[in-house]
1. Report whether or not D201 is buried (at least 24 other Cβ atoms within 10 Å of the Cβ), within 24 Å of A139 (Cα to Cα) and out of contact with any Lys or Arg (no Cβ under 9 Å at 6 or more places or on another chain).
2. If R394 satisfies all but one of (1) basic (K, R); (2) under 24 Å from E238 (Cα atoms); (3) in a strand (DSSP E or B), what's the number of the condition it fails?
3. Answer with yes or no whether E161 is within 19 Å of the chain's Cα centre (by Cα), buried (at least 17 other Cβ atoms within 10 Å of the Cβ) and of a type in the set (D, E).
4. Taking D176 as the residue in question, decide whether it is assigned to a helix (DSSP H, G or I) and modelled with pLDDT under 95.
5. Could you say whether any residue in the stretch 102-111 is open to solvent by 10 Å² or more (accessible area, probe 1.4 Å), part of a helix (DSSP H, G or I), out of contact with any Lys or Arg (no Cβ under 7 Å at 6 or more places or on another chain) and more than 17 Å from V324 (Cα to Cα)?
6. E50 - would you say it is open to solvent by 70 Å² or more (accessible area, probe 1.4 Å), in contact with a Lys or Arg (Cβ under 7 Å, 6 or more places away or on another chain) and at pLDDT 90 or above?
7. In this structure, is L116 in contact with a helix residue (DSSP H, G or I) (Cβ under 8 Å, 6 or more places away or on another chain) and either open to solvent by less than 10 Å² (accessible area, probe 1.4 Å) or among the aromatic types (F, W, Y) (or both)?
8. Of all the residues that make up the stretch 327-367, how many are open to solvent by 30 Å² or more (accessible area, probe 1.4 Å), touching a strand residue (DSSP E or B) at 6+ places or on another chain (Cβ under 7 Å) and modelled with pLDDT of 95 or more?
Amino acid sequence: MSVDFNSGKGEDMQALKVAVLGCGVVGSEVAARIQDRADGLAERIGAPLELSAVVVRDASKPRPGIDPALLTTDAEAAITGADIVVELMGGIAPAKSLILAALKQGSSVVTANKALLAASYGELMSTADAAGVRLEHEAAVAGAIPIIRPVGDSLAGDRIERIIGIVNGTTNFILDQMDSEGWDFDRALTTAQELGFAEADPTADVGGHDAAAKAAILSSLAFHAPVSIDDVHVEGIEGITSEMVQTARDQGFVIKLLAVCERVASSPTGAGLSARVYPALLDRSHALASVRGAFNAVFIEAEAAGELMFYGQGAGGAPTASAVLGDLVSVARRKVLGGRGQYERPFHSDSHILPISSITTRYHITLDVVDRPGVLAAVSEVFADEGASIELMRQTVGEIDDDGVQHAKLVLATHSNTDSILRKTVDRLSDLPVVHAVKSVIRVEGQ
C-alpha cells in the first residue's frame, strides 16, 4: 500500500493571510518575496500565503512591486483576521500593542524588533504561549545567521553555559579597520558611514546599545530567564584608540566588541546570570578573532555539544529579509500542521542577574610611568594590597618629556579576579606619583 503524503496540501489548502507592518528596506523586500516566490513558498509550507495588507506611513507613496491596493495606514485593521503578522516597524510603540493584540487573537508573529524584545521578552513569549501561537524573531539578533532556532530548538535538550558573540557589524568593521589598516577611530567610523555600515548617528552601535539588546534576547532564550536590556552591563568602543589596538597586536591580541551571556556558578553575590557588552581582548588564535569587516559571529559553549560557532552577515536588507522569511515559513508550517505555541515551561522569573562588579575577569592595563628605580615595586605593592595578582609585566622605554623625565610604557596582565577588585586596583594605580597616566584598561575574554 502506498500513501501520498502531499495529497490535500498546497493548492487544496486555504491560503494563510499575512499582514506586514512596515515597508522600509526589509519590509518591502519581504512583501515582494511573498508575492514573487508564491509557488515555492506554498510547496515548502503546504499552503499558499496571501499578502493581505502592508502597513505604511503614507499609502499614497508608490511602492515598486507591491499592489497599491494592499497599502494601508490602519495597522489595527490590517492585523484583524490575519493568520500571521510580520512586524518590521521597529521601536516600542505602537509595535508592542500591535504584537500583543495579534498574539491574543491567535495570530502568530514574526518580528525583527530587537529593542522591543530586549525590553519585554518574557511578557511577549508568555503571551504567545498562552495563546498557543508562535513569536519568531531570528532576524532580531544576527540577521541572516541562524542563531535563535539553534539555541531555542536544536540545543533545547542541552545546557548552554556561555555565549560570546560579535553581534554588531558596524563596530566590528571599525575595530577591524583599526587593526588591519592602522586607522584611527574617526577615520574608521567615517568610512563605515560612507559604505552604509554605520548610521549618520552611530550612537546605538558604537555605544554598545545595539549589541546589548541582542545580548538580552540571547540570554533570555538560552537561560530561559527574563533578561532585559536594563540588566546588561554596557560599554562602547568610543574610547578605543589606535595606540590601544597596536598594543593589543603587540601582545598577540585583537580588540572586539563582545556580547557575553553566561551562567556563573559562584560569585561574591552568589550564583546567577551575567549579560554584558564591552570591548575586550581576544587571543588571535580564538575563532572569533578572525571575524572580519561587518560580519557577525556567535560562539556557544554547551554542556554536551561543546563549542559551536555561527558566522555570517549580520545586517542588511536582503540578509535580514532572509531570516524573516525563514521564520514566516516556520510559523506557517505550524499553522498548517496545528503545532502548539512557543514554550512548554515558564520563565525563571527569580533568576539572579549579577552586577558587573561580581564577575570574574582578567585585565590588561597599560601605564605611562616614570622610568626610575622603585616603580615596579610600587605597582606590585598596590596589587598585593588589593588582593590582586600580576600574571605578566612588560616594560618598554618611552619618550623623554619636556622636563627631561624619562618615561616608560608598562603593560600588566592580571590573573582572574572580580571586576570590582581589579577596578579598585586600577584606581589606586592612577593615584601613584610614579604613574603619569593610565593609558588603557581592557578586559580579556575567550581564555
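The values are calculated or read from the model by the stated rules, or taken from the named source; none is laboratory data. Remember, predicted model here, so these are calculated numbers, not experimental data. All Cβ positions, even for glycine, are placed from backbone atoms using ideal geometry, and neighbour counts span all protein chains on display. Note: areas computed on protein heavy atoms with side chains; ligands, DNA, RNA excluded. Shrake-Rupley method; radii C 1.70, N 1.55, O 1.52, S 1.80 Å.
1. Working: buried (at least 24 other Cβ atoms within 10 Å of the Cβ): no; within 24 Å of A139 (Cα to Cα): yes; out of contact with any Lys or Arg (no Cβ under 9 Å at 6 or more places or on another chain): yes.
No; evaluated as a whole, the condition is false for this residue.
2. It is condition (2) that R394 fails.
3. So E161 does not fit the description; no.
4. no
5. Yes, because at least one residue in the stretch 102-111 is open to solvent by 10 Å² or more (accessible area, probe 1.4 Å), part of a helix (DSSP H, G or I), out of contact with any Lys or Arg (no Cβ under 7 Å at 6 or more places or on another chain) and more than 17 Å from V324 (Cα to Cα).
6. So E50 passes the test.
7. When the stated conditions are applied, L116 passes them.
8. 4
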